[in-house]
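Before any comments, here is the structure.
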Amino acid sequence: MAKRDYYEVLGVAKSASEQEIKKAYRRLAMKHHPDRNEGDVEAEEKFKEASEAAEVLLEAEKRSAYDQYGHAAFEGGGGGRGGFGNSGNFGSIFEDVFGDIFSGGRGQSQVHRGSDLKYILDITLEEAVRGTNPKIKIPTLVECMSCLGSGAKSGTKPMDCVQCGGSGQITARQGFFSLQQACPRCRGKGKIISDPCPPCRGQGRVEEKKTLSVKVPPGVDTGDRIRLSGQGEAGANGGPAGDLYVQMNVREHPIFTRDGADLYCEVPISFVNAALGEQLEIPTLEGKVSLKVPPETQTGKLFRLKGKGVDMSQIRGGGLGDLYCKIVVETPVNLNDHQKALLREFAGDQDASQSPKYASWLDGVKRFIDALRD
């Protein structure tokens with residue numbers, strides 16, 4: 001099978017700079033490295049292919065020969081000047097670009113995944129029910145583009161620590177015992193950066209505010225989380241970035257309260273309309289609907305408006321909820337003398353059959369008191 005063009009393998013133009021080639025190789029090598037894809041033959045082949053391409057294109061003499069003659073420059077022993085084609089030795093280019101960061105190296109500067117981040121997103125009930133797509137800004141640590149995360153100034157690379165020889169550990173003897181401890185010179189990293197990268201001050205990461213778009217599906221509720229893979233903090237020593245978890249916080253609504261897929265609201269009506277009945281206009285998240293309140297409706301009565309709740313079909317496999325309207329009979333206030341007189345007249349004309357709950361309550365109180373006396 002014919003080899004692919006090296007520039008095509010790395011996804012760079014023929015005019016690409018050394019830094020651009022390193023960046024492209026780094027991305028592919030981190031993705032397909034065998035340590036991260038155990039048993040994946042295809043990933044291993046892609047890693048070898050990318051390493052082979054980088055080995056050639058990152059050495060000026062080899063790149064010049066490749067640009068003139070293509071793969072033929074390294075066929076049949078043509079790579080005698082250190083050509084990659086027959087040797088298959090891609091370890092050196094991996095070390096040059098990444099340093100000693102994968103397990104199995106002598107130093108302790110191994111790949112570490114970046115920290116996960118959490119962001120609290122405040123949304124309205126309407127946005128939670130219908131879904132939204134807000135943009136958020138988050139402060140985070142990202143890989144320094146100047147040094148590609150190595151911490152060393154562009155054109156240089158970290159060197160093995162002279163005190164520990166790159167192992168990151170030293171041996172301290174106490175009597176008959178030998179103790180291993182972190183090297184104080186390199187702080188256990190095994191590497192020393194003699195010429196730190198100015199933008200990141202040798203840390204390999206810089207603080208930056210990222211603007212991200214968050215797709216919030218319809219039906220989310222307070223506490224629900226959306227995971228944005230790879231949008232957390234950058235990893236140490238070129239490790240993979242952590243994830244960003246966007247946690248929902250649905251703000252309190254002036255009319256509705258929510259319980260899962262169902263919505264609730266209180267509907268105040270006068271005691272006259274509760275007694276005689278009334279046709280009401282009820283607000284829903286989709287507009288107004290008509291609700292007929294029958295005569296003699298008591299406070300606390302619940303009316304169910306089917307399908308006027310929250311559609312949770314995209315969240316946890318739920319369904320469409322309902323809206324429950326709770327009637328609250330309001331006692332009139334600020335009455336004038338005439339209104340008070342009318343109410344007294346009305347009260348005088350009432351009998352027990354018109355206030356059955358009150359009459360029943362009085363009977364219960366009487367029986368209770370009689371029982372105490374016996």
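The values are calculated or read from the model by the stated rules, or taken from the named source; none is laboratory data. Because the structure is a prediction, the values reported are computed rather than measured. Methodologically, a virtual Cβ is constructed for each residue, glycine included, from the backbone with ideal geometry; neighbour enumeration extends over all protein chains shown. Accessible surface areas use protein heavy atoms only, side chains included; no ligands, DNA or RNA. Shrake-Rupley method; radii C 1.70, N 1.55, O 1.52, S 1.80 Å.
Taking a cut-off of 20 Å between Cα atoms, list the lysines near residue 189, but don't count ones fewer than 8 places away on the same chain. Leaving aside lysines fewer than 8 places away in the same chain, those within reach of residue 189 are 153, 157. Net charge dipole, the chain: roughly 1020 debye, given to the nearest 20, about the Cα centre with Cβ charges of +1 for Lys and Arg and -1 for Asp and Glu.
In the calculated pair-distance distribution of the range 238-286, the portion above 15 angstrom amounts to 68 percent of the Cα-Cα pairs. Rounded to the nearest 10 square angstrom, residue 338 shows an accessible area of 120 square angstrom against a 1.4 Å probe. Between the beta carbons of residue 48 and residue 252, assuming R0 = 51 Å, the FRET efficiency works out to 0.30 to the nearest 0.05. For residue 321, the residues whose modelled amide H falls within less than 5 Å of its own, excluding neighbours fewer than 5 places apart on the same chain, are 309, 310, 311, 312.
List the lysines whose Cα sits under 22 Å from the Cα of residue 288, skipping any in the same chain fewer than 8 residues away. Filter leaves 301, 306, 308, 326.
Rg and Dmax of the chain, both derived from C-alpha coordinates alone, stand at 36.9, 117 Å.
Residues whose amide H lies under 5 Å from that of residue 117, counting only those 5 or more places away or on a different chain, are 233, 243, 244, 245; hydrogens are built 1.01 Å from N in the peptide plane. Rolling a 1.4 Å probe across all protein chains gives residue 258 an accessible area of roughly 50 Å².
Taking N as the residue count of the range 312-360, its C-alpha radius of gyration divided by 2.2 N^0.38 Å amounts to 2.22. Mind checking the angle between helix 41-57 and the chain's longest principal axis? C-alpha axes, 0 to 90 degrees, to the nearest 10. Long axis of 41-57 versus the principal axis of the chain: about 50 degrees. Taken along the Cα-to-beta-carbon direction at a fixed 7 Å, the label points for residue 130 and residue 304 span 2.8 nm. What the Cα convex hull of the range 215-301 gives, in volume per residue, is 105 Å³.
Highest mobility in the GNM of the chain, judged by mean-square fluctuation with C-alpha springs under 10 Å and restricted to 341, 16, 172, is found for 341. Using the Karplus relation 6.51 cos²θ - 1.76 cosθ + 1.60 with θ = phi - 60°, the per-residue 3J(HN,Hα) values for the range 119-132 come to 10, 8, 9, 7, 9, 7, 4, 4, 5, 5, 6, 8, x, 7 Hz, with x marking Gly and Pro.
Residue by residue, the range 179-190 carries 3J(HN,Hα) couplings of 10, 8, 9, 5, 5, x, 6, 9, 6, x, 7, x Hz when phi is fed to the Karplus relation 6.51 cos²θ - 1.76 cosθ + 1.60 (θ = phi - 60°); x denotes Gly or Pro.
Eigenvalues of the alpha-carbon gyration tensor of the range 268-347, scaled by 5 and square-rooted, set the equivalent ellipsoid semi-axes at 36, 11, 10 angstrom, largest first. In this structure the amide hydrogen of residue 149, modeled in the peptide plane, comes within under 5 Å of the amide hydrogens of 144, none closer than 5 places in sequence on its chain. Among 232, 307, 114, the largest mean-square fluctuation in a Gaussian network model of the chain, built with springs joining Cα atoms closer than 10 Å, belongs to 307.
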